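Reviewing the structure listed below.
The values are calculated or read from the model by the stated rules, or taken from the named source; none is laboratory data. Note that the structure is predicted; figures quoted are calculated from it, not measured. Methodologically, a virtual Cβ is constructed for each residue, glycine included, from the backbone with ideal geometry; neighbour enumeration extends over all protein chains shown.
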Amino acid sequence: MPDTIAAISTPLGEGGIGIVRISGKNALSIADKVFRSPQEKKPSKFESHKLHYGHIIDSEGRIIDEVLLSVMFADRSYTREDSVEINCHSGIVVLRKILDLVIENGARLAEPGEFTKRAFLNGRIDLSQAEAVLGIIEAKTEAGLRAAIGQLEGHLAVKIKEIREALLDIRTQIEAEIDFPEEDIPFVAPEEVLKKAERAKTEIEKVLEKAGQGIILRKGILTAICGKPNVGKSSLFNALLKKDRAIVTPVPGTTRDTVEEVIDLKGIPFYLVDTAGIRESENLVEKEGIIRSQNSLKRADIVLFIIDGSRDIEKEDKQIAREVKNKKLLLIINKIDLPQKVSLQKLCQDLDLEAEVVSISATEERNLPLLEKAITDSVWQGDVYSSAGDLLISNLRQKESLIKARQALINFKQGIEKEVSEEFLAIDLKEAIDSLGEISGETASDDILERIFSKFCIGK
């Protein structure tokens, strides 16, 4: 990578400190041109990993800002390239002025995720660790952060490397017999080969067992709150958030659009969506809100279907029940602080639903802990925080690669049992090895890399 890249690594806006980051073979020479220290010492002569006070100056010697500058030599930098970080005052004008100055002196603007991509391409981290960096940045809960940190520390990378190397050993033995049939190479018994392959498949399956948990911690759970108008959807939304986010009035149809927020329940991020009350309406604005509500229900991982316990079951309740019948569902009887008209025993029968029922009062926050437990139990069994430190995969890409590797090993086993030629066995092993390599990045295509790193911000 001959060129040198630069970007603003902190969010644009007013704040205490902003950082302009430079990485590449010319990072130090560019810093020499734009930085002036009181001792007139050049950054290329600075000691690595220490802050140095000075000023950023333009080509005419005018001061742009008072800064602290750090130099990180390639052997100990994030990208494994010479790197410079300029800590300046955080303001849109000053940050862009410094970035423009750096670009004028030989750098180019970094692409999204290019600093982390260079760390991967230069061998500092593997692809799963690069994805973990994004997981740390995007973590919505402490458990999600712990899971991402575990992946960044290499828990997954080490396990994938162990499995892959075991399969490479088997493939080497088989291909040696294929390539050198006349040589005196010890024959590998099929039973021994099969045993090694089965061990590898078992290790893959152990990782896959918790695939759903890792993806949940990273992606979160889209949770739609639905019901007819004025059953207490927005009141429940606010109660779960522990703040007044949605407007609550006694007037049916107050919520005209979906309102979204993230809550942390025992370490799991739930993306709550407060939907407009679903009913027949001639009001154009309300009709649009109802359409958006129905779209949210289709996308939702979980639906919290609210019934007003102080009112009889009505046709709107039954209509919604038909729409959510095939979704993962919790049925909530709200307003238990009022005289009840809904029969708990007959509710599911009346709505033709099979679902866990929780009775609450959203306005008085009665039984909210029971509801929160029911929500988390619907997607996660056991302690979230203890599991977050386990070996977890973080996305569907990694899961799909593991599934492909497992299937290739199943094919390999069937091939041995059918006594197919060693050439076909080697092909199955190669597919398993390459699939695991997609996780670590050793066999990932350029398209995969582009898709992963495009999700990063420019400064990371």
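Couple of notes before you dig in:
- Residue list for the range 315-330, restricted to those being of a type outside the set (D, E, K, R) and not in a helix (DSSP H, G or I): ASN326, LEU329, LEU330
- When ILE433, ILE410, ILE448 are checked against the criterion of being touching a helix residue (DSSP H, G or I) at 6+ places or on another chain (Cβ under 8 Å), farther than 18 Å from LYS196 by Cβ and touching a residue at least 24 places away in the same chain (Cβ under 8 Å), ILE448 stands alone in meeting it.
- Test: residue in the range 367-379 that is assigned to a loop (DSSP other than H, G, I, E, B), at pLDDT 90 or above and under 30 Å from GLY232 (Cβ atoms): yes
- Looking only at the range 218-249, residues that are modelled with pLDDT under 80 and over 18 Å from ILE336 (Cβ atoms) come to 6 in all.
- One residue from ALA139, ALA147 being in contact with a Gly (Cβ under 7 Å, 6 or more places away or on another chain), surrounded by 15 or more Cβ atoms within 10 Å (Cβ to Cβ) and of a type outside the set (S, T, N, Q): ALA147
- Residue tally, condition surrounded by fewer than 17 Cβ atoms within 10 Å (Cβ to Cβ), over 20 Å from GLY106 (Cβ atoms) and either touching a helix residue (DSSP H, G or I) at 6+ places or on another chain (Cβ under 8 Å) or not small (Gly, Ala, Ser) (or both), over the range 11-36: 5
- Test: residue in the range 272-286 that is over 10 Å from ALA224 (Cα atoms), outside any loop (DSSP other than H, G, I, E, B), at pLDDT 60 or above and assigned by TED's automatic domain parsing to the domain that holds ALA362: no
- Note on the range 48-77: residues that are in contact (Cβ under 8 Å) with a residue 12 or more places away in the chain, surrounded by fewer than 14 Cβ atoms within 10 Å (Cβ to Cβ) and not hydrophobic (A, V, I, L, M, F, W, C) total 6.
Matching residues to (1) within 22 Å of PHE270 (Cα to Cα); (2) outside any strand (DSSP E or B):
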position: PHE305; (1), (2): yes, no
position: ILE313; (1), (2): no, yes
position: ILE332; (1), (2): yes, no
position: VAL342; (1), (2): no, yes
position: GLN349; (1), (2): no, yes
position: THR363; (1), (2): yes, yes
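- Counting only residues that are at pLDDT 85 or above, more than 23 Å from the chain's Cα centre (by Cα) and either surrounded by 16 or more Cβ atoms within 10 Å (Cβ to Cβ) or closer than 25 Å to ILE439 by Cβ (or both), the range 380-422 holds 11 of them.
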